[in-house]
Amino acid sequence: MSWHPQYRSSKFRHVYGKAASKEKCYDCVPITRNVYDNQFCAVNPHFIAVVTECAGGGAFLVIPINQTGKLDPHYPKICGHKGNVLDIKWNPFNDFVIASCSEDATVKIWDIPKHLLTRNVTRPKKELLGHVRRVGLIEWHPTANNILFSSGYDYKIMIWNLDIKEAVISNPVKILDAHKDVVLSMSFNTDGSLLATACRDRKIRLIDPRAGTVLQVASYKSHRVNKVLFLGNMKKLFSTGTSRWNNRQIALWDQNDLSVPLLEEDLDGSSGLLFPFYDSDTHMLYVVGKGDGNIRYYEISPEKPYLNYLMEYRSHLPQKGIGMMPKRGLEVSACEIFRFYKLIPTKSLIEPISMIVPRRSESYQEDIYPLTTGSHPALTAQEWLNGVNKGPVLVSLRPGSGAVNSSPQFLEPEPLMTTTDLSQQQGWGGRTPLEEKQKPNEIEDSRKQLKLEQKLPNNEQMCLSNGFDIFECPPPKTENELLQMFYRQQEEIRRLRELLNQRDVQIKQMELELRNICMNTG
């Protein structure tokens, strides 16, 4: 007989949640009191946007991601809607463009300036007028540039092409009229060729968005669905909802057969909504409860039992909404694989929560950071509308790889010329940089850096350290900042050692070539 261990081998078994310290939180933020079932928060590597309380109309705040601590009560708002803002989403391919929808039946597209806001923004870049009732949900297409989906209380899903030059767009490129009630949730598969929706009529629909046809319908009576989510390339759907006895429930579905769920599990008897989040790189699923402080996380496997429970992050502070940082904005030196931004209206606080894989090594952990979705679109809007499908453009999260820039441009002084800048310029054309392509680039970058350092005066050489100006960049104030700086220095030392080893190998090769030339001439 074969012996089966009681535990399951996984590198994510010991993932734990770590709440940020008080200095790293966003305090005195007037979070909305609206009871609508949405996240009310959107995050990218530059900004955090949160729907706020506003007298007369709707507004939301856009705060630079590094501007933690107490918020000025007179901080400028984005306030162009005439009704309450119900949903906000950042453009996945432009960190300075955000979409918002409201009870005034409009969708607005906003340009966020790269400098700090000094006054309220009231004029949108574009205004989308098509819905006749309030718009409660918006989603950007995952691979096509400037394609936006909106869903309203007129039971319609509208597809908008934002490449159109007009500031006011009244005609969507497509209207999906397949629902008989309000759409509660929308989710795309990896290449954006399929759309899954959860409707108030308790049905899950799988839709071809370009053709407008419903491919499958799940009408399982014992599971009243609220949110639905595509699980990457696993060909599965995950949904949260309630059971017949009003218990909070999760379910897993086969994408090709929605008649009966593969898995069904009751969680608890709370009444709050469950928000699901999926990380396709680590195959980890996070379930966040609205109205409580818990975050459950699971690991998805292609075979039974499909859903493997890992652990639960618990907090006594209930969350009103939740935001999620894209992978390109994570702190890889601290082995952070996911980051939430928890809205706590009772304390007017936004609290970052990092999900961390405990590792002793200080170097880049390649096994937990595979190539991930970057900030470049795979398709233009017209290509997607013409029927082309493409997966997302992948990038590496390795520091200095050049494909990812997760630091705000307006908060840091511009360095004169660093190795990371040069590698960014060289790696910009190749959208999937691999380690084999990085090594020759690093050697060329280091040669250019040496030439620049020779031209600089001695005092300027002393001022520059690892691409930052010591006099401009403040010293670390907390233990966490000190550790982060230490990890960065360790990573830089490791990288320089690799460069030295490569140069030694090159020197030996050149010596051998010289000997061969001398022998041939002799």
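The values are calculated or read from the model by the stated rules, or taken from the named source; none is laboratory data. The model shown is predicted, which means the values in this text are computed figures rather than measured ones. Every residue, glycine among them, receives a Cβ derived from its backbone with ideal geometry; neighbour counts consider all protein chains shown. Accessible surface is based on the protein model in full, side chains and every heavy atom, while ligands, DNA and RNA are left aside. Shrake-Rupley method; radii C 1.70, N 1.55, O 1.52, S 1.80 Å.
The smallest convex shape that holds all Cα atoms of region 248-324, its convex hull, gives 109 Å³ per residue.
With a Cα-only, solvent-free Debye model of region 317-366, what are the log10 I(q)/I(0) values at q = 0.18, 0.29 Å⁻¹? Scattering profile of region 317-366, log10 relative to I(0): -0.61, -1.04.
An ellipsoid equivalent to region 1-133, defined through the eigenvalues of its Cα gyration tensor, has semi-axes of 35, 20, 15 Å when rounded to whole angstrom and sorted largest first. In a simple Cβ point-charge model (Lys, Arg +1; Asp, Glu -1; nothing else charged), region 187-314 has a dipole of about 560 debye relative to its Cα centre. Taking the inverse of the mean reciprocal distance over all distinct Cα pairs, the Kirkwood hydrodynamic radius of region 187-314 comes to 14.8 Å. Within the accessible area of region 187-314, what % is carbon and sulfur when the probe is 1.4 Å and the other protein chains stay in place? The computed percentage sits at 45.
Computed over region 321-397, the percent of Cα pairs more than 16 Å apart is 63. Rg/Rh for region 169-243 stands at 0.98; both radii use Cα atoms, and Rh follows the Kirkwood definition. In summary, the lysines within cross-link reach of residue 304, defined as a Cα separation below 24 angstrom excluding same-chain residues under 8 places away, comprise 11, 221, 227, 235, 236.
Segment residue 331..residue 257, full-extension length gain: 22.8 nm, with 0.36 nm per residue of separation and the alpha-carbon distance subtracted.
Sorting 482-494, 23-35 by average packing, meaning the other beta carbons within 10 Å per residue, from highest down gives 23-35, 482-494.
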